[in-house]
Amino acid sequence: MSGDLAMWAIEGVTALLVIASGALSLVAALGFVRLDDFFQRLHPPALANTLGAWCASLASVLFLSMSEGRPVLKAFVIIFLLMMTAPITTALLARAALFRERQATGRVPPPLPMADQP
Amino acid sequence: MTPLLQPAIFVALICYVLAMAIATVRLLIGPSAQDRVLALDFLYVNALLIVLVLGIRLATDAYFEVALLIALFGFLGSAALAKFLLRGEVIE
């Protein structure tokens, strides 16, 4: 009977994590559409990239470990990959946006004094 | 699968699909190219999450490789597009 209770508890936690991940994704998408400026719009997708992906992966690890009866930790590889790649994409996009805005309108902050030196 | 988890996964999948639909609006209206690239980036992360949650729903870890490949190639595509916006060419 205690095994049954543990199963219910794990599935409850999994359900909470999955719903949290979905809600975070939805909030990120809403922010992505509603904000005004591209540099503001860079921020909301990070919500889905970090906490949303963490919640989904933790749910996957918990549930698959329970249902297979052994630790299934593969989903952490996805977290590790997103942890490394999401900031790179964001920084590259921010640089590209800064470059293009500066060329198109000039209404962006000037480069740092250090940035001009080789 | 208890009756607790199944509706939760259903709700989460609907949330992901709604998020993808909303991000598609941003992808279509732009206004700038970097907005569209960011929308594509957001779309691939959501597709990855959908695959992960489907793996929970079907209680199998066979979907893990799919999610891993989506993460890898999505990053490659976003990085290449951002590089293209920065320089006008992908390979220098």
Discussion item. I need to check one value: relative contact order of the stretch B:45-92, counting alpha carbon pairs closer than 8 Å and at least 6 residues apart, in percent.
Written reply: 29 percent
Discussion item. To test your reading of the geometry: what angle, between 0 and 90 degrees and rounded to tens, separates the Cα axis of helix A:53-68 from the longest principal axis of chain A?
Written reply: 20 degrees
Worksheet item: In what sequence, highest mean first, do A:15-22, A:76-83, A:97-104 appear when ranked by Cβ atoms within 10 angstrom?
Response: A:15-22, A:76-83, A:97-104
Worksheet, complete the sentence: Expressed in angstrom and rounded, the centroid-to-centroid distance over alpha carbons for the stretch A:60-85 and the stretch B:1-29 is 21 Å
Worksheet item: Between A:M83 and A:A46, what length comes free when the chain is fully extended (0.36 nm per residue of separation minus the Cα-Cα distance, one decimal in nm)?
Response: 12.3 nm
Fill in: Using alpha-carbon coordinates, inclination of helix A:2-34 to the longest axis of chain A, degrees
20 degrees
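Show that you can apply the helix-only estimate: for chain B, add -39,500 (n - 2.57) for every DSSP H stretch of four or more residues, divide by all residues, and state [θ] at 222 nm to the nearest 500.
-28500 deg cm²/dmol
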Practice prompt. Give the whole-number value, in cubic angstrom per residue, of the convex hull volume spanned by the C-alpha atoms of the protein assembly as shown.
Written response: 129 Å³
Item to complete: Just subtract the alpha-carbon distance of A:F39 and A:S67 from 0.36 nm times their residue separation and send over the number in nm, one decimal.
Response: 5.8 nm
Discussion item. Just to confirm the number: angle between the C-alpha axis of helix A:75-104 and the first principal axis of chain A, 0 to 90 degrees, nearest 10?
Written reply: 20 degrees
Item to complete: Over every pair of different alpha-carbon atoms in chain B, take the mean of 1/r and invert it; report that Kirkwood radius in Å.
Response: 14.6 Å
Worksheet, complete the sentence: Taking only the alpha-carbon atoms of chain A, the convex hull volume per residue, in cubic angstrom, is 119 Å³
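State to the nearest 20 debye the size of the charge dipole of the protein assembly as shown about its Cα centre, where the only charges are +1 on K and R beta carbons and -1 on D and E beta carbons. Before the final figure, lay out each step's value.
On the way: 13 positive and 13 negative charges, 85 e Å.
With only Lys, Arg, Asp and Glu charged at Cβ, the dipole is about 400 debye.
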Discussion item. With an 8 Å Cα cut-off and a minimum separation of 6 or more residues, compute the relative contact order for chain A in percent.
Written reply: 23 percent
Worksheet, complete the sentence: Among the stretch A:57-92, those whose backbone N falls under 19 Å of a label point 7 Å along Cα→Cβ from A:M7 are A:60-72
Worksheet item: When N is the residue count of the stretch B:45-92, what does its C-alpha Rg come to as a fraction of 2.2 N^0.38 Å?
Response: 1.52
Practice prompt. Note the per residue figure in Å³ for the convex hull of the C-alpha positions in the stretch A:6-54.
Written response: 43 Å³
Worksheet item: Relative contact order of chain B: what whole-number percent is it, with Cα pairs under 8 angstrom and at least 6 residues apart?
Response: 25 percent
Item to complete: Only helical DSSP H runs with n ≥ 4 go in: add -39500 (n - 2.57) per run for chain A, normalise by residue count and round the 222 nm mean residue ellipticity to 500 deg cm²/dmol.
Response: -25000 deg cm²/dmol
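Readers should treat all values here as calculations from the given coordinates under stated rules, not as data from a laboratory. For clarity, every value in this text was computed on a predicted model and none was experimentally measured. Cβ: placed from backbone, ideal geometry, glycine included. Neighbour counts: every protein chain shown.
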